Amino acid sequence: EMGFAQWKNLKLSAITTEDAKFVHREIGASRGQYAANRALELLRALFNKAKEWKHYKGDNPTETVTMYVERSRVRILQADEFKRFFKALDEEEDKDIRDFVKLSLFTGARKTNVLSMRWADIDLKASLWTIPGEQSKNSEAHSIPLTSEETRILRERKVWLAMKGKGQQISPFVFPGKGKTGHLVEPKRAWRGLLERAEIENLHLHDLRRSMASWMANSGANVALIQSAMNHKDLKTTLTVYAHTVKDAERNAREKAHKLMLGHKRK
């Protein structure tokens, strides 16, 4: 057994620092360093909570385990990829996938929030989507003012679902699913197929969110506006995306300066 499963019959007091280091390395090798760090954070929180609730008195075995250094991805949809991306998306036969990917890209919301989007949280008249605090990463309700394109997709979707249901009660979810969650779960196979048709490599679903932040910066939006739109609690997260995008603006500004300089040379 791998990961935490091998500890299922152990008491907390039996888990040592060496055990925590081993599982951290094991997950790092099998599922990647990011997943290993998240698993270690979860384990650390579990021990801290057990101590807080007086279920455990010992030391936290994760305290001296060193996390892997994480390098944030800077991958976004590039200008030359959009035509192929939208063509492949328009050719996608599954409407659920088409609408999910478009709303993920356009809203810039986290994929878990788009997947679990509820009709009760959407006001089509006011063009507003409110993500409840319990579904938000920072536990605070987050309102997203919907654009005309996003509102159009949702209006059409509501009609389509009603017609598809043939008078049956419509699901509370915008993207209904047959599994235990009641809504669509991450469509990994469909996403891979979409990228293959678009001839786009190394693009994750989460990169759509980063793409929206980056293209907002490209359009001239300031850091505070992007932070609010992305619902980033930490400004550093916004600045990571913003700083990368601003490099293009820097280059363009210098290009213009060069033309002005060279213009004087030719006079």
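Summed over the stretch 74-127, the residues that are under 14 Å from the mean Cα position of the chain (by Cα), modelled with pLDDT under 95 and either among the basic types (Lys, Arg) or open to solvent by 60 Å² or more (accessible area, probe 1.4 Å) (or both) give a count of 5. Scanning the stretch 117-136 for residues that are closer than 15 Å to PRO176 by Cβ and touching a Leu at 6+ places or on another chain (Cβ under 7 Å) yields one hit, ILE122. Being among the acidic types (Asp, Glu), open to solvent by 30 Å² or more (accessible area, probe 1.4 Å) and assigned to a loop (DSSP other than H, G, I, E, B) is the requirement here; does GLU70 meet it? The answer is yes for GLU70.
Counting only residues that are in a strand (DSSP E or B) and touching a Lys or Arg at 6+ places or on another chain (Cβ under 8 Å), the stretch 99-128 holds 0 of them.
So, in the stretch 129-142, how many residues would count as being open to solvent by 60 Å² or more (accessible area, probe 1.4 Å) and outside any helix (DSSP H, G or I)? Count: 4. Just wondering, is there one or more residues in the stretch 30-48 that are open to solvent by less than 90 Å² (accessible area, probe 1.4 Å), at pLDDT 90 or above, farther than 30 Å from SER228 by Cα and among the small types (Gly, Ala, Ser)? Scanning the stretch 30-48, I find no residue that is open to solvent by less than 90 Å² (accessible area, probe 1.4 Å), at pLDDT 90 or above, farther than 30 Å from SER228 by Cα and among the small types (Gly, Ala, Ser), so the answer is no. Out of the stretch 221-231, which residues are part of a loop (DSSP other than H, G, I, E, B) and over 18 Å from PHE106 (Cβ atoms)? Listed by number, the list holds a single entry, ASN222. Annotation note: of ILE170, ILE200, the sole residue that is in contact with an Asp or Glu (Cβ under 7 Å, 6 or more places away or on another chain) and in a loop (DSSP other than H, G, I, E, B) is ILE200.
The values are calculated or read from the model by the stated rules, or taken from the named source; none is laboratory data. Remember, it's a predicted structure, so these values are computed and weren't measured experimentally. Don't worry about glycine lacking a Cβ; one is built from the backbone with ideal geometry, like all the others, and counts go over all protein chains shown. With ligands, DNA and RNA removed, areas are computed over all heavy atoms of the protein, side chains included. Shrake-Rupley method; radii C 1.70, N 1.55, O 1.52, S 1.80 Å.
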